[in-house]
Amino acid sequence: MSELQFATFYNGYEIPVLGLGTWQSVGDSVVDLIKDAVRMGYRHIDTAQVYGNEKEIGQAITDLIEEGIITREEIFVTSKLSSTRHRSDLVEPALRQTLSDLNIEYLDLYLIHWPMAFKEVESENPVPMDTDGKIQFSDVDYLETWEAMEQMQETGLTKNIGVSNFNSTQLSRVLDNCKIKPVTNQVECHPYLPQIKLSEFCKSKDILITAYSPLGAPKRPWMQEGEPVLLEDPKITEIAEKYEKSTAQVVLRYQIQRGHIVIPKTISLDRLEENMQIFDFELSEYDIESLHTFERNRFCPFTVSIDHKDYPFHDEF
């Protein structure tokens, strides 16, 4: 088992730099997945209210604690606020529901999942649609949401707060108006979307980047035939062969060496173990710079909300 490595937020709180992403992981199999991952050495689980798997993750964590495999303090749990819960009076109930589903008393990290607010509906669908199939927006300002997030940290329901999918302009607005600044910005990041300018901006503000879809989201439901597959890129394969590593290990190591937290998702036991073996080698600066030049496209553009006033991807970074 690889020895855990940690990053430190500006407030001194530590987070394992390698976590397990759980988007698209649903059903009873999630319980076994989390148990296997923790037994393998993972100590950082990333989920979200809209993923629909918090009860299963909670069951796994409860079982692991009862079995004496871990204590609550040894597992870092991240979740995210749904876009339909941005109104200030809805934030605490949403967080308490997440805590209830996870069967824990606090989160280690709570994120605003997207800067866009959606209509406040009671629905299992995280993207409320009208009868014409158009997304229903809300005009709640994410600054109102952030103020409520600050209260959640102050009450102890979460140890840290952050954002996800915010661009630099939106982050600047939060920083100019906050009492507690975000510890992280969780964004899509991989060699095809290296996020160099956003990473540099966040670093200048002492905010860590958490990279989601670091493997290029190869199982995304909207993937079109002929789209590039990051892990099959011949130039990345060439780098991997040089280090006698897999392409997945190379692109994960790429994030770690940039000072990013990384949360790859997999349901394969072999991949779970393979993804942990990234702490016994180091990419050269030349290879890091080379991987910076692969930029070609965003795999998770969330275009159904492209007309929202707070859609984040119109800006350069």
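Restricting the calculation to alpha carbons of the chain gives Rg and Dmax of 18.8, 54 angstrom. Restricting attention to region 24-169, close to 15% of DSSP beta bridges with both partner residues there are antiparallel. Remark: spin-label model distance F317-E241 equals 3.2 nm, labels positioned 7 Å along the Cα→Cβ axis.
Restricting the count to DSSP beta bridges whose residues both fall in the chain, what percent are antiparallel, rounded to a multiple of 5? Of those bridges, close to 20 percent are antiparallel. Each of I278, I263, A248 was scored by the projection of its Cα onto the charge dipole of region 237-289, and the greatest displacement toward the positive side belongs to I263; charges sit on the C-beta of Lys, Arg, Asp and Glu.
Pairs exceeding a 32 Å alpha-carbon distance, out of K55/K197; K35/K134; K159/K203; K134/K203: K55/K197; K35/K134; K134/K203.
If I stretch the segment between R271 and V304 completely, what's the gain in nm (0.36 nm per residue apart, minus their alpha carbon distance), one decimal?
On the way: separation 33, 0.36 × 33 = 11.88 nm, distance 3.13 nm.
Gain on extension, R271 to V304, equals 8.7 nm.
Mean residue ellipticity at 222 nm, helices only, the chain: -10500 deg cm²/dmol; runs of at least 4 DSSP H residues each add -39,500 (n - 2.57), and the sum is divided by the number of residues.
Of all aspartates and glutamates in the structure, those lying under 12 Å Cα to Cα from K181, and not within fewer than 8 positions of it along the same chain, are E147, E150, D206. Under the convention that each Lys and Arg Cβ holds +1 and each Asp and Glu Cβ holds -1, the size of the dipole of region 1-141 around its Cα centre is about 240 debye. Rounded to the nearest 20, the size of the Cβ-charge dipole of region 35-81 about its Cα centre is 140 debye, with Lys and Arg at +1 and Asp and Glu at -1. Cα extents for region 158-301 along the principal axes, largest to smallest and rounded to whole angstrom: 47, 35, 31.
With +1 on each Lys and Arg Cβ and -1 on each Asp and Glu Cβ, and nothing else charged, work out how big the dipole of region 234-296 is about its Cα centre, in Debye to the nearest 20. If you can, show how the numbers build up before the last one.
Values: 8 positive and 12 negative charges, 59 e Å.
Around 280 debye, computed over region 234-296.
Read the figures in this text as sums done on the coordinates, not as results from a lab. These numbers were taken from a predicted model, which means no experiment stands behind them. No Cβ is skipped: glycine too gets one built from the backbone with ideal geometry, and neighbour counts run over all protein chains shown.
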